Amino acid sequence: MNEEASYELYLKKSAEHHEALCKRCGACCGLFEKDPCSELVCGEDGRYYCRIYEDRFGLRRTVHGNEFLCVPVRNVISGSWAGSYQCAYKRELTGWRVYPVK
């Protein structure tokens, strides 16, 4: 395997690992702030999903019509938000314990 192919494989595996961390609690999409993103939906499994995940970044609206800027979690991970204590990404970065969402 050449260096470029090896790097591409590394990026793919890193992205898969990162995506697998998410517990789909909905906290980063405003669920615990009582005015979540209008694109946030609850799946049949009780976990939360973005209806437009691949195109989510940019100006969006909450269910009450408020505008906000959807950004990658890495841009806000050092801060806190309602429910951020549950975020598996924060656990990976900081070593916090993440509690399961019921």
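The values are calculated or read from the model by the stated rules, or taken from the named source; none is laboratory data. Fair warning: this is a prediction, and the values are worked out from it, not measured in the lab. Neighbour counts are summed over all protein chains in view; Cβ atoms, including those assigned to glycine, are modelled from backbone coordinates with ideal geometry.
With the structure loaded, tell me whether LEU59 is modelled with pLDDT of 95 or more and loosely packed, with under 12 Cβ neighbours inside 10 Å or whether it fails that test. Taking the combined requirement at face value, the residue satisfies it. In segment 83-99, is there at least one residue being of a type outside the set (Lys, Arg), surrounded by fewer than 15 Cβ atoms within 10 Å (Cβ to Cβ), outside any helix (DSSP H, G or I) and at positive phi? Yes: one or more hits. Is it the case that some residue within segment 17-32 is without any contact (Cβ under 8 Å) to a residue 24 or more places away in the chain, assigned to a helix (DSSP H, G or I) and small (Gly, Ala, Ser)? Among the residues of segment 17-32, at least one is without any contact (Cβ under 8 Å) to a residue 24 or more places away in the chain, assigned to a helix (DSSP H, G or I) and small (Gly, Ala, Ser), which makes the answer yes. Taken over segment 7-64, the residue count meeting the criterion of being aromatic (Phe, Trp, Tyr) and under 21 Å from SER78 (Cα atoms) is 2. Which condition number in (1) surrounded by 15 or more Cβ atoms within 10 Å (Cβ to Cβ); (2) within 22 Å of ARG91 (Cβ to Cβ) is the one that ALA15 fails? Going through the list (1) surrounded by 15 or more Cβ atoms within 10 Å (Cβ to Cβ); (2) within 22 Å of ARG91 (Cβ to Cβ), ALA15 breaks only (1). Annotation note: Cβ proximity below 6 Å between a residue of segment 62-76 that is outside any strand (DSSP E or B) and a residue that is among the aromatic types (Phe, Trp, Tyr) (sequence gap 6+ or interchain) occurs for VAL73/TYR89. Looking across GLU8, GLU54, one residue alone is surrounded by fewer than 16 Cβ atoms within 10 Å (Cβ to Cβ) and either over 16 Å from the mean Cα position of the chain (by Cα) or polar (S, T, N, Q) (or both). It is GLU8.
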